[in-house]
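Below is one structure, written out as structure tokens; comments come after it.
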Amino acid sequence: MRRGLGVGRAAPAAGSALVLAGAAQADEPRNDPSQWFRIARPDDRVEVFTHYDRIFPVDRLTPSSRPRAYARDVRPLEPVAYEFEGREATVGDYMARANVNGLMVLKGGKVVFEAYRNGVGPATQHSLWSASKSYTITVLGVAVREGRIGSIDDPVEKYAPQFKGTAYGSVSIRHVAMMSSGIQFFHDRGRPNRNDMYLALLGGKNLDDFAAERGPRVPPGTDFNYLATDTHVLSAVLRGAYGKRYADIVQEKLWTPAGFSSGASWSKHARGPEGVNFGHCCLQATLQDFAHLGQLYLDDLVVDGKPLTPKGWADLVTRPSAPFQEPGEKPRGYAMQFWVPQGHQDESMALGAFGQILWVDRKRGVVVAQIAANGDKPPTDAEENAVFRAIVDAALRNP
């Protein structure tokens, strides 16, 4: 499944440009939702992805007071070779074709490969798009460990009363996390779909309200249907469980205790405290803090000897739990807010539109993080699987 964003129903304004000057202050940029449509232009994507806070309002996350430090033993990455469909190429070839902005590999708690392109660097906060979902499921695990959520088999409405009486209200948190809510909504084909959702958000609609308006499609827990609203509902459950705004929960329960080393931002539908963060999307973070999420999963979500989540949470959310989640003949299947590649052996992925990829190989102890601004003809999912497995192989060959 390709992960581009639907932008074809509205054209970009002629001569539009991101508003990069004239903001009242650095942490309150002037938001201009019309700039969303620049995503349709490949040449504009790097700028959009690194200045996302000029489109939507954001809440800021601050660096942890106890950041994880990564030693570096960096080797060249671009010469690494891979084979796909009988053709041999290098990671450098792939990076150029995929318009990769940054690529980092962790092995043994060290950065062993690191590369940046297109003016992006270690301090750049880059939009992770739907890879943000994997942060949300991690925070959900914290809430379960702390007893804020009694069971993921509880219904959504127990913690998020705004969904009581709606199609989402009686669905279990588990089925929502599996993208098996059975809600009448679609990512690509069918109506309503994400185009309808983003146009509503650009008009200032609270995503809680949009999700609550959706009806049932099939019984929960019977099929896989990748939905932005499912993950947003998980964030609503967390807001209700803690009685706090979502960005504050992320800061207090994940970003600070887990040692994320840089600032970040999470988008919301409106300025000020009334703005509701998009639980499914739009965390802007550095490449290292993207890779760091993967390292947490290599460490079984234990930080300084203390578990962040219940025992077995990493297994639960990175492995399919129903036959309809397995890839089968497709390049990828799904678990709980993590994808899995065909032929997975303890491999999972956080994935976002336009090439945001966090590949976590828990069996072999390697993380590969990529931020990108894919063009309109990026490498296929199957080729990406081959590239990332080759990178893991190369990391393991280097002592």
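The values are calculated or read from the model by the stated rules, or taken from the named source; none is laboratory data. All of these numbers come straight from a predicted model, not from anything done at the bench. Ideal geometry is used to build each Cβ from the backbone, glycine not excepted, and the neighbour counts take in all protein chains shown. We work out accessible area using only protein heavy atoms, side chains counted, and drop any ligands, DNA or RNA first. Shrake-Rupley method; radii C 1.70, N 1.55, O 1.52, S 1.80 Å.
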Practice problem: Please identify the pairs in which a residue from the range 122-145 that is outside any helix (DSSP H, G or I) has its Cβ atom under 9 Å from the Cβ atom of a residue that is among the charged types (D, E, K, R), counting only partners at least 6 apart or on another chain. | Solution: 122/114; 125/53; 125/289
Exercise. From 66, 3, 97, 45, grab the single residue that is of a type outside the set (Ser, Thr, Tyr), under 22 Å from residue 268 (Cα atoms) and modelled with pLDDT of 95 or more.
Key: 45
Quiz item: What pairs come up if the first residue lies in the range 348-367 and is over 19 Å from residue 45 (Cβ atoms) and without any contact (Cβ under 8 Å) to a residue 24 or more places away in the chain, the second is in a loop (DSSP other than H, G, I, E, B) and charged (D, E, K, R), and their beta carbons are under 9 Å apart, counting only those six or more places apart or on different chains?
Solution: 363/346
Practice problem: Please enumerate the residues belonging to the range 60-94 that are closer than 30 Å to residue 304 by Cα and surrounded by 21 or more Cβ atoms within 10 Å (Cβ to Cβ). | Solution: 61
Exercise. Quick one: in the range 318-330, of everything that is open to solvent by 40 Å² or more (accessible area, probe 1.4 Å) and in contact (Cβ under 8 Å) with a residue 60 or more places away in the chain, which residue is farthest from residue 249 (Cα to Cα)?
Key: 330
Quiz item: When residues of the range 149-177 are filtered for being open to solvent by 10 Å² or more (accessible area, probe 1.4 Å) and not small (Gly, Ala, Ser), how many remain?
Solution: 13
Quiz item: Does residue 66 meet the test of being assigned to a loop (DSSP other than H, G, I, E, B) and in contact with an Asp or Glu (Cβ under 9 Å, 6 or more places away or on another chain)?
Solution: yes
Quiz item: Is the range 178-198 home to any residue that is over 28 Å from residue 330 (Cα atoms), aromatic (Phe, Trp, Tyr), buried (at least 21 other Cβ atoms within 10 Å of the Cβ) and in contact (Cβ under 8 Å) with a residue 24 or more places away in the chain?
Solution: no
Quiz item: From 100, 46, which residue is within 18 Å of the chain's Cα centre (by Cα), open to solvent by less than 20 Å² (accessible area, probe 1.4 Å) and among the aliphatic types (A, V, I, L, M)?
Solution: 100
Quiz item: residue 121 passes all but one of (1) buried (at least 20 other Cβ atoms within 10 Å of the Cβ); (2) within 25 Å of residue 267 (Cα to Cα); (3) of a type outside the set (A, V, I, L, M, F, W, C); which number fails?
Solution: (1)
Quiz prompt | Of all residues in the range 243-257 being in contact (Cβ under 8 Å) with a residue 40 or more places away in the chain and part of a loop (DSSP other than H, G, I, E, B), the one that is most open to solvent (accessible area, probe 1.4 Å) | solution = 245
Practice problem: Quickly run through the range 154-166 and pick out the residues that are closer than 26 Å to residue 351 by Cβ and either in a loop (DSSP other than H, G, I, E, B) or polar (S, T, N, Q) (or both). | Solution: 160
Exercise. Residue by residue through the range 108-121, note down the ones that are of a type in the set (S, T, N, Q) and part of a strand (DSSP E or B).
Key: none
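This table checks each residue for (1) open to solvent by 10 Å² or more (accessible area, probe 1.4 Å); (2) in a helix (DSSP H, G or I); (3) among the small types (Gly, Ala, Ser).
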| site | (1), (2), (3) |
| --- | --- |
| 220 | yes, no, no |
| 225 | yes, no, no |
| 232 | no, yes, no |
| 241 | yes, yes, yes |
| 259 | no, no, yes |
| 265 | no, no, yes |
| 316 | yes, yes, no |
Exercise. Working only within the range 267-313, note down all residues that are open to solvent by less than 20 Å² (accessible area, probe 1.4 Å), outside any loop (DSSP other than H, G, I, E, B) and out of contact with any strand residue (DSSP E or B) (no Cβ under 9 Å at 6 or more places or on another chain).
Key: none
Quiz item: Which one of the conditions (1) more than 29 Å from residue 386 (Cβ to Cβ); (2) surrounded by 18 or more Cβ atoms within 10 Å (Cβ to Cβ); (3) not hydroxyl-bearing (Ser, Thr, Tyr) does residue 39 fail to meet, given that it meets all the rest?
Solution: (1)
